[in-house]
Amino acid sequence: MSTVVATLRRTASGGATLVWTALVVVPLYWVVVTSLRGRSDFTMGNPLALPGRPTLDNYRTVLDGDFTTYLLNSVIVTVATVAIVMAVALMAAFSIVRYTNPWSRLTFRLYLLGLAIPLQAVIIPVYLLIIRMQMYDSLLAIVLPSAAFALPVTVMILVSFLRDIPRSLFEAMVVDGAGDWRMLLSLAAPMARPALVTVAVYDGLQVWNGFLFPLILTQSGDKAVLPLALTLYKGEFGIDVPATMAAVVLSTLPMLVVFVLARRQLVAGLTAGFSK
Amino acid sequence: MTTVVRTRRPVASHRARPATGRSGRRRYSGLLMAAPALLLFGLFGLVPLVGVLVLSLSRWDGLGSIGWSGFANWTGVLTDGATWQALWLTVKVMVVSWLVQTPVALALGLFQAPRGRLRALFAVLWFLPLLLSAVAIGLTWQALLDPSFGIGAAPGLHWLAKPLLGSPSLALYTVIFVIAWQFVPFHALLYQAGVRQIPVSLYEAAAIDGAGPVTRLLRITLPQLKYTFVTSSTLMLVGSLTYFDLIYVLSGGTGGPGTATRVLPLAMYITGFQTHDMGRASALATILVVFGLALSLLTTRLSGFTRMDSQQEGM
């Protein structure tokens, strides 16, 4: 009896798995084959067939444009944001763990509250602030708010990690006469390294793919980051879907490389702090 | 090294406290360490939270000077049928998304949980949508669902050659499907991690008691996934308030066809940055803030998500 049920369950979950896999793989396959199609090949024939005469023309079209500018902007914004968030959040998490006074508890609660603020809800005041700070239409205008909104989750993850460092290690350093800064740099930072890498990869992915801040806070083409640039391509190429798909592939490649190099950290980062 | 770090003890006993001597200097450096993050988060996170309320009482076109307007924006927003429609669509997207994504994510998470080479391969494939930006996903599905040149032109798939995104009655559900495509892998990962955290001893005990696979699923796995379920649901519900990017791209920035997919964040964006009525947009944004905070307060109350201790304590 139970083997029948087990077989049924296995068949059902196997079937669901195949359906979902097809749902994920077919669109991604379509993106890649479409990006390799010539114009006429695209408008006629089976969209799921391999391209009759595969061509890299679409990639050439994209790369001949301003793609490198967009790519560079995305890299600058992502690296700067992640660097700021890591430095600032590690210090904040350390002080929250080291000091158990009401102030530090209040700070912690503020970051908790921050988790619940929808980005869109505060975009108008952020826009006003950025204009008043004379930063509108600069990469810094994307970096600072992105860093601010990456802070809550980053601080939470780092706090939960630093809390697990045995107290005796801190005490040993106090006996050695170490101050807070030395403890942060030579104890907390090295010990939190796995958490730092994980959360950096996670924050990096979020910033790389972020769209709202670039959309609202920048204007000129030479300040566009990749997700914004994709919408520009859509306008520029119009019905030239193969070129748009080539741009989609190119904009995703860097994250694919990160995925290949740091899959474990990426998966851990996505579930860290949530699956505990 | 990591084994030392990961040792779990009750929180209070191992929290590092500064020694009492030199505490003055210590407190000073602690403050200095907390300051940059607080400044950054305060300026762009907390100040705007108050700012959006203030702006909702003002008149501003996004460029010129800001004037006081009292409650005009609020009476305007609250008596406008479009606001209520946007709110209704937001709730609809939230609830239907949750109903669609939860069972699929749970099933996939359960399947992915046992380790194995084939499952690992599936896991890699399923993970791919998480790497794409919402814009890339939006452009892809928009082109893929094009009635003439999209996937409907493939043999056997002609039933898909319909204006799925262009029809007022189907557009919202198509959007919900694409949202699920983007986010189900993430929630499947959560459930997978949840299943893997269930102590093997529970299954061993059940096996001794002669429990079959169904009993094990219903009596051990599902109850043990309670926290994962609440966490995943919280993220889905609160997250559904932020499906801006995807809907923006799928509807070409209009929330259309007509207003068929104009959820609250999109209505806010269009009012503020296309119609240039920032005051009124801020009133809509305030509703969004209240909505978001109320939702997460409610769900954290229910779940104890804010508790920092381990749920495995005492196992």
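Being farther than 23 Å from A:G65 by Cβ, surrounded by fewer than 23 Cβ atoms within 10 Å (Cβ to Cβ) and not small (G, A, S), is that true of even one residue in the stretch A:242-258?
Looking through the stretch A:242-258, at least one residue is farther than 23 Å from A:G65 by Cβ, surrounded by fewer than 23 Cβ atoms within 10 Å (Cβ to Cβ) and not small (G, A, S).
Only helices (runs of 4 or more DSSP H) wholly contained in the stretch B:159-229 count here; list those with 2 or more residues that are within 30 Å of B:Q85 (Cβ to Cβ).
Details: elements: B:171-196, B:200-208, B:213-216.
Here the list reads B:171-196.
In the stretch B:43-94, what residues are away from chain A (no Cβ under 14 Å), part of a loop (DSSP other than H, G, I, E, B) and either under 27 Å from B:G256 (Cα atoms) or among the hydroxyl-bearing types (S, T, Y) (or both)?
B:S69, B:D80
Quick one: in the stretch A:226-241, of everything that is more than 14 Å from A:N73 (Cα to Cα) and facing chain B (nearest Cβ under 9 Å), which residue is surrounded by the fewest Cβ atoms within 10 Å (Cβ to Cβ)?
A:I239
Being modelled with pLDDT of 95 or more, facing another protein chain (nearest Cβ under 8 Å) and in a helix (DSSP H, G or I) narrows it down to one residue among A:I84, A:I96; which is it?
Within the list A:I84, A:I96, the selection yields A:I84.
Checking A:R60 against (1) away from chain B (no Cβ under 14 Å); (2) in contact with a Leu (Cβ under 8 Å, 6 or more places away or on another chain); (3) part of a helix (DSSP H, G or I), which test does it fail?
Of the numbered conditions (1) away from chain B (no Cβ under 14 Å); (2) in contact with a Leu (Cβ under 8 Å, 6 or more places away or on another chain); (3) part of a helix (DSSP H, G or I), the odd one out for A:R60 is (2).
Somewhere in the stretch B:8-31, is a residue more than 9 Å from chain A (Cβ to nearest Cβ), at pLDDT 90 or above and in a loop (DSSP other than H, G, I, E, B)?
For the stretch B:8-31, residues more than 9 Å from chain A (Cβ to nearest Cβ), at pLDDT 90 or above and in a loop (DSSP other than H, G, I, E, B): absent.
Does A:K223 satisfy being among the charged types (D, E, K, R) and facing chain B (nearest Cβ under 7 Å)?
So A:K223 fails the test.
Tell me, which residue of the stretch B:124-145 that is more than 8 Å from chain A (Cβ to nearest Cβ) and over 30 Å from A:A268 (Cα atoms) is surrounded by the most Cβ atoms within 10 Å (Cβ to Cβ)?
Step one: of the stretch B:124-145, the residues more than 8 Å from chain A (Cβ to nearest Cβ) are B:137-138, B:142, B:145.
From what is left, the residues that are over 30 Å from A:A268 (Cα atoms) are B:142, B:145.
Values: B:Q142: 20, B:L145: 23.
Looking at the filtered set, the residue picked out is B:L145.
Looking at (1) part of a helix (DSSP H, G or I); (2) within 13 Å of chain A (Cβ to nearest Cβ); (3) among the polar types (S, T, N, Q), which is the only condition B:S148 fails?
Of (1) part of a helix (DSSP H, G or I); (2) within 13 Å of chain A (Cβ to nearest Cβ); (3) among the polar types (S, T, N, Q), only one is false for B:S148: (1).
Output yes when any residue across the stretch B:218-237 is modelled with pLDDT under 90, surrounded by fewer than 15 Cβ atoms within 10 Å (Cβ to Cβ) and within 30 Å of A:F149 (Cα to Cα), and no when none is.
Just the residues of the stretch B:218-237 that are modelled with pLDDT under 90, to begin with: B:218-237.
Retained after the next criterion (residues that are surrounded by fewer than 15 Cβ atoms within 10 Å (Cβ to Cβ)): B:218-219, B:222-223, B:226.
Checking the rest, the ones that are also within 30 Å of A:F149 (Cα to Cα) come to B:226.
Yes, the stretch B:218-237 contains at least one residue that is modelled with pLDDT under 90, surrounded by fewer than 15 Cβ atoms within 10 Å (Cβ to Cβ) and within 30 Å of A:F149 (Cα to Cα).
Which condition breaks for A:V75 when tested against (1) farther than 19 Å from A:V248 by Cα; (2) of a type outside the set (K, R); (3) assigned by TED's automatic domain parsing to the domain that holds A:T231?
The one condition A:V75 does not meet is (1).
Does A:V197 satisfy being out of contact with any Lys or Arg (no Cβ under 9 Å at 6 or more places or on another chain), of a type in the set (V, I, T), surrounded by fewer than 20 Cβ atoms within 10 Å (Cβ to Cβ) and touching a residue at least 12 places away in the same chain (Cβ under 8 Å)?
Considered against the rule, which asks whether it is out of contact with any Lys or Arg (no Cβ under 9 Å at 6 or more places or on another chain), of a type in the set (V, I, T), surrounded by fewer than 20 Cβ atoms within 10 Å (Cβ to Cβ) and touching a residue at least 12 places away in the same chain (Cβ under 8 Å), A:V197 comes out as yes.
Under 23 Å from B:F244 (Cβ atoms) and more than 9 Å from every other protein chain (Cβ to nearest Cβ), is that true of A:S138?
So A:S138 passes the test.
Can you name the residue in the stretch A:114-139 that is free of Cβ contacts under 8 Å to residues at least 24 places away in the same chain and assigned to a helix (DSSP H, G or I) and is also surrounded by the fewest Cβ atoms within 10 Å (Cβ to Cβ) among such residues?
Of everything passing the filter in the stretch A:114-139, A:R132 is surrounded by the fewest Cβ atoms within 10 Å (Cβ to Cβ).
Among the candidates A:A87, A:A49, A:A92, A:A83, single out the residue that is aliphatic (A, V, I, L, M) and buried (at least 18 other Cβ atoms within 10 Å of the Cβ).
A:A92
Could you tell me which residue of the stretch A:259-274 is surrounded by the fewest Cβ atoms within 10 Å (Cβ to Cβ), considering only residues that are among the hydrophobic types (A, V, I, L, M, F, W, C) and either at pLDDT below 85 or closer than 21 Å to B:V238 by Cα (or both)?
Here is the first cut: in the stretch A:259-274, the residues among the hydrophobic types (A, V, I, L, M, F, W, C) are A:259-262, A:266-268, A:270, A:272, A:274.
Filter once more, keeping what is either at pLDDT below 85 or closer than 21 Å to B:V238 by Cα (or both): A:262, A:266-268, A:270, A:272, A:274.
Values: A:A262: 17, A:L266: 22, A:V267: 21, A:A268: 21, A:L270: 21, A:A272: 21, A:F274: 21.
Filtering the stretch A:259-274 for residues that are among the hydrophobic types (A, V, I, L, M, F, W, C) and either at pLDDT below 85 or closer than 21 Å to B:V238 by Cα (or both), the one surrounded by the fewest Cβ atoms within 10 Å (Cβ to Cβ) comes out as A:A262.
Would it be correct to say that A:F42 is of a type in the set (F, W, Y), outside the structural domain of A:E171 (by TED's automatic domain parsing), out of contact with any Lys or Arg (no Cβ under 7 Å at 6 or more places or on another chain) and surrounded by 18 or more Cβ atoms within 10 Å (Cβ to Cβ)?
yes
Run down B:S201, B:S97, B:S167 and say which single residue is among the hydroxyl-bearing types (S, T, Y), more than 7 Å from chain A (Cβ to nearest Cβ) and buried (at least 18 other Cβ atoms within 10 Å of the Cβ).
B:S97
Just the residues that are of a type in the set (A, V, I, L, M), crowded, with 17+ Cβ neighbours inside 10 Å and more than 16 Å from the chain's Cα centre (by Cα), please, taken from the stretch B:105-123. Reasoning before the result, please.
Our first condition is that a residue be of a type in the set (A, V, I, L, M); within the stretch B:105-123, this holds for B:105-108, B:110, B:113, B:118, B:120-121, B:123.
Remaining after also requiring crowded, with 17+ Cβ neighbours inside 10 Å: B:105-108, B:110, B:113, B:123.
Hits for the stretch B:105-123 are B:L106, B:A107, B:L108, B:L110, B:A113, B:A123.
The values are calculated or read from the model by the stated rules, or taken from the named source; none is laboratory data. All of these numbers come straight from a predicted model, not from anything done at the bench. Counting neighbours? That spans all protein chains shown, and the Cβs are built from the backbone with ideal geometry, glycine included.
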